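Next up is a structure, given as structure tokens.
The values are calculated or read from the model by the stated rules, or taken from the named source; none is laboratory data. Every value quoted in this text rests on a predicted model; they were computed, and no experiment measured them. Glycine also receives a Cβ, built like all others from the backbone with ideal geometry; neighbour counts cover every protein chain displayed.
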Amino acid sequence: WMIEIAPKPHRGRVMGLYNTTLALSFAIGPLMLSYTGISDLTPFVAGIVLMALAGLPLFFADRYRPSSVEEPSFGVLSFLKVAPLLAVACFVVAFKDLATTSLMPVYGLRVGLDESAATLMLFFGALGGALLQLPIGWAADYFDARKVLVTCALVAFLGALVWPLVVASKILLWITLFLWWGFFAGVYTVTMIIAGQWFKGVELATAMAAFGVYWGFGAFVGPLVGGLSMDLWDPYGLALVMVLVAGGFLMMSLRKAYYRLKPIT
């Protein structure tokens with residue numbers, strides 16, 4: 001919906017702002033618990049109130065609702081065949097997000113960081129994920145979205161190579177995680193923009209539903225594979241998996257064939 005109604009010259013910034021807001025909401029949730037506590041129903045009531053407030057704008061947005069009675073030419077599952085680049089992008093970003101969110105503090109402790117420093121790995125990573133989406137969206141508005149996507153994929157790959165090597169320097173580690181996490185999240189921001197360029201109407205709605213499915217699949221698989229990798233090569237398996245995942249998507253993003261929609265046969 002937002003992708004379709006956003007003015008084309010500003011679509012990247014709109015989606016960047018959307019993903020920034022989304023990332024900040026993940027940070028605000030745990031912070032809210034520190035004020036409400038967990039001993040009674042207060043956090044649940046606060047959550048209900050916030051969800052109700054989030055729904056209020058929908059009452060005033062009906063006139064912007066995209067309308068279409070057409071049937072999409074593809075389904076959620078066949079989206080992988082129609083636009084494999086976008087489907088895989090959703091998978092790898094969710095894979096990385098949930099694997100690192102679940103396991104990076106454990107990784108930090110196992111390589112010798114104290115508890116505070118290990119927790120700050122997540123903080124600075126998430127901060128990059130929030131703050132870099134707007135400039136990445138701006139870049140996608142003014143430059144070729146394909147080149148911006150490749151840039152994000154390249155930084156995601158290089159960051160995956162570098163951050164395990166700079167653990168001894170906390171400042172370098174936090175800067176690296178800020179950039180790595182931010183550009184990795186930028187992959188998702190730019191693929192949403194590309195989806196808005198490729199699809200319209202009901203097909204765009206179907207594509208966004210597919211985004212959710214492949215995101216969910218990556219979110220499910222990521223922590224499992226990350227945890228298994230750390231068991232097999234403690235603790236460096238997690239870093240190796242991130243390199244392989246980011247490198248695989250980088251190679252895919254460099255192939256022009258994946259920037260053409262593939263027909264269903």
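What's the number of the only condition in (1) surrounded by fewer than 17 Cβ atoms within 10 Å (Cβ to Cβ); (2) aliphatic (A, V, I, L, M); (3) modelled with pLDDT under 95 that V150 fails to meet?
Condition (3) is where V150 drops out.
I want to confirm something. Restricting to region 62-79 and keeping residues that are of a type in the set (S, T, N, Q) and surrounded by 10 or more Cβ atoms within 10 Å (Cβ to Cβ), which single residue is modelled with the lowest pLDDT? Walk me through how you get there before you give the answer.
To start, the set of residues in region 62-79 that are of a type in the set (S, T, N, Q) comprises 67-68, 73, 78.
Still in the running and surrounded by 10 or more Cβ atoms within 10 Å (Cβ to Cβ): 68, 73, 78.
Numbers: S68: 58, S73: 79, S78: 89.
Checked region 62-79; the qualifying residue modelled with the lowest pLDDT is S68.
Restricted to region 231-265, and to residues that are under 19 Å from the mean Cα position of the chain (by Cα) and either β-branched (V, I, T) or not in a helix (DSSP H, G or I) (or both), which residue is farthest from V150 (Cα to Cα)? Step through it out loud before you land on a result.
Taking region 231-265 and keeping what is under 19 Å from the mean Cα position of the chain (by Cα), we get 238-239, 241-253.
If we keep only those that are either β-branched (V, I, T) or not in a helix (DSSP H, G or I) (or both) too, we end up with 241, 243, 245.
Working: V241: 20, V243: 16, V245: 14 Å.
Applying the filter and picking the extreme gives V241.
Quick check on this structure: which one of V202, V221, V167, V155 is surrounded by 18 or more Cβ atoms within 10 Å (Cβ to Cβ), touching a residue at least 24 places away in the same chain (Cβ under 8 Å) and within 30 Å of S78 (Cα to Cα)?
Criteria check complete, one pass: V155.
Next question, about the same structure. Please go through region 112-155 and give me each residue that is of a type in the set (A, V, I, L, M), in a helix (DSSP H, G or I) and within 23 Å of S25 (Cβ to Cβ), ordered by number. Full working, then the answer.
Within region 112-155, the subset of a type in the set (A, V, I, L, M) is 113, 117-118, 120-122, 126-127, 130-132, 134, 136, 139-140, 145, 148-150, 153-155.
Filter once more, keeping what is in a helix (DSSP H, G or I): 117-118, 120-122, 126-127, 130-131, 134, 136, 139-140, 145, 148-150, 153-155.
Those that are of a type in the set (A, V, I, L, M), in a helix (DSSP H, G or I) and within 23 Å of S25 (Cβ to Cβ): L120, M121, L122, A126, L127, A130, L131, L134, I136, A140.
Taking the conditions exactly as written (in a helix (DSSP H, G or I), closer than 22 Å to K262 by Cα and among the aliphatic types (A, V, I, L, M)), does V213 satisfy them or not? Steps first, answer last, please.
Values: in a helix (DSSP H, G or I): yes; closer than 22 Å to K262 by Cα: yes; among the aliphatic types (A, V, I, L, M): yes.
Judged against the criteria, V213 is a match.
Per-residue answers, yes or no, for (1) assigned by TED's automatic domain parsing to the domain that holds S253; (2) over 24 Å from the mean Cα position of the chain (by Cα); (3) at pLDDT below 80; (4) among the hydrophobic types (A, V, I, L, M, F, W, C):
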{"position": "V49", "(1), (2), (3), (4)": "no, yes, no, yes"}
{"position": "A52", "(1), (2), (3), (4)": "no, yes, no, yes"}
{"position": "F60", "(1), (2), (3), (4)": "no, yes, yes, yes"}
{"position": "K81", "(1), (2), (3), (4)": "yes, no, no, no"}
{"position": "L85", "(1), (2), (3), (4)": "yes, no, no, yes"}
{"position": "V93", "(1), (2), (3), (4)": "yes, no, no, yes"}
{"position": "L98", "(1), (2), (3), (4)": "yes, no, no, yes"}
{"position": "S102", "(1), (2), (3), (4)": "yes, no, no, no"}
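Identify, please: which residue in region 176-226 is among the polar types (S, T, N, Q) and under 27 Å from L131 (Cβ atoms) and is, among those, modelled with the lowest pLDDT?
Let us first name the residues in region 176-226 that are among the polar types (S, T, N, Q), namely 176, 189, 191, 197, 206.
From what's left, under 27 Å from L131 (Cβ atoms): 176, 189, 191, 197.
Values: T176: 95, T189: 91, T191: 93, Q197: 86.
So the residue we want is Q197.
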